[in-house]
Amino acid sequence: MIIDKSKFSEYDIEKLVKGTVVPRPIAWVSSVGKSGIPNLAPYSYFNIISTEPLMFMIASGPGKNVGKSGDKDTLSNIRETGDFVINMTSAGLADQMHHCSTVYPKDVSEFEKAGLTVAKSELVTSPRVLEAPISMECKLHKVLDIGNFNQIIGELVCYHIKDEVYLENDKVDYQKYDPIGRMAANYTHVRDLFFPGEVDSINRS
């Protein structure tokens, strides 16, 4: 099957693409606006885009929980304070992370609704999730308006990792971390690690 742009309207091309680009890492973004009420929301359009300096991109699309500006609460908060925290999700926190995708009024904190602990950050005003195995404090670099999404670009300024997840030589213990990713509409464990060539040798044995 070949679907060129002229035929996109005949298919749910967005659904196909979302089912193709998998698994996607999940940025569990905590932020706070001038109101002082912390917000927490998951974003699966997320990745590293630079290592010098270390920078991340989070795509914030249109949604129901938007303010007068048309921005989601997360983006609105980031514009106000200029920072945010990317909390990474382990399998044990999946239910609470998913609960934070629920649409709540701006004056309601997802931390409280999901039963999570607000922890003070070191270098940014936005709080972090105490229970998260890894949290990354970020300063806003810029917001780019591309298509119907806003690309939030932030620079890493402080990295938190739980002692039990950290390994010598600056490695991450994936068994303790137990990360998850986003598929099309579902989630997946990220547990089966291999090096190229291993699969062929296993199949031949």
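For segment 3-109, calculate the relative contact order in percent as a whole number, restricting contacts to Cα pairs under 8 Å that are 6 or more residues apart. Could you put the intermediate results ahead of the total?
On the way: 139 pairs, mean separation 31.1, N = 107.
Value for segment 3-109: 29 percent.
Which value in deg cm²/dmol, rounded to the nearest 500, describes the helix-derived mean residue ellipticity at 222 nm for the chain, given -39,500 (n - 2.57) per DSSP H run of n ≥ 4 and division by the residue count?
Working: 6 runs with 39 residues, N = 205.
Rounded to the nearest 500, the figure is -4500 deg cm²/dmol.
Counting other Cβ atoms within 10 Å, which GluC sites (Glu not before Pro) in segment 121-205 have at most 16 and lie in a DSSP loop?
Details: sites: Glu122, Glu131, Glu137, Glu155, Glu164, Glu168, Glu198; in loops: Glu122, Glu131, Glu164, Glu168.
Taking segment 121-205 and a limit of 16 other Cβ atoms within 10 Å, the loop GluC sites (Glu not before Pro) found are Glu122, Glu164, Glu168.
Quick one: check the C-alpha center-to-center distance for segment 79-105 versus segment 158-202, whole angstrom.
With segment 79-105 and segment 158-202 each reduced to a Cα centre, they are spaced 20 Å.
A 29 angstrom limit on the alpha carbon distance is what I want to check against. Which of Lys34/Lys113; Lys5/Lys139; Lys7/Lys139; Lys15/Lys139 exceed it?
Lys5/Lys139; Lys7/Lys139; Lys15/Lys139
Hey, got a sec? Which chymotrypsin sites (Phe, Trp or Tyr not before Pro) in segment 1-90 land in a DSSP loop and have at most 11 other Cβ atoms within 10 Å?
Details: sites: Phe8, Tyr11, Trp28, Tyr43, Tyr45, Phe46, Phe56, Phe84; in loops: Tyr11, Tyr45.
When the chymotrypsin sites (Phe, Trp or Tyr not before Pro) of segment 1-90 are filtered for loop state and at most 11 Cβ neighbours within 10 Å, Tyr11 remain.
Please identify every one of the trypsin sites (Lys or Arg not before Pro) in segment 129-205 that sits in a loop by DSSP and has no more than 14 other beta carbons within 10 Å of its own beta carbon. Mind dumping the intermediate values first?
Values: sites: Lys139, Lys142, Lys162, Lys171, Lys176, Arg182, Arg191, Arg204; in loops: Lys162, Arg191.
Here the trypsin sites (Lys or Arg not before Pro) that fit, given the DSSP loop and packing criteria, are Arg191.
What is the sum of charges around Met55, taking Lys and Arg as +1, Asp and Glu as -1, for the other residues whose C-beta is under 11 Å from the C-beta of Met55?
Numbers: positive: Lys139, Lys142; negative: Glu52, Glu155.
Once all neighbours under 11 Å are counted, the net charge is 0.
Report the relative contact order of the chain, percent, no decimals, based on alpha-carbon pairs under 8 angstrom and at least 6 residues apart. Numbers along the way, then the final one.
On the way: 394 pairs, mean separation 46.2, N = 205.
Reported as a whole number, the value is 23 percent.
With respect to the cross-link table entries Lys106/Lys142; Lys18/Lys106; Lys120/Lys142; Lys18/Lys176, which display a Cα-Cα separation exceeding 26 Å?
On the way: Lys106/Lys142 23 Å; Lys18/Lys106 28 Å; Lys120/Lys142 24 Å; Lys18/Lys176 28 Å.
From Lys106/Lys142; Lys18/Lys106; Lys120/Lys142; Lys18/Lys176, over 26 Å: Lys18/Lys106; Lys18/Lys176.
Throughout, read-outs are computed from the coordinates displayed, never taken from laboratory work. Since we're looking at a predicted model, the values are computed, not measured. Backbone-built Cβ (ideal geometry, glycine too); neighbour counts: all protein chains shown.
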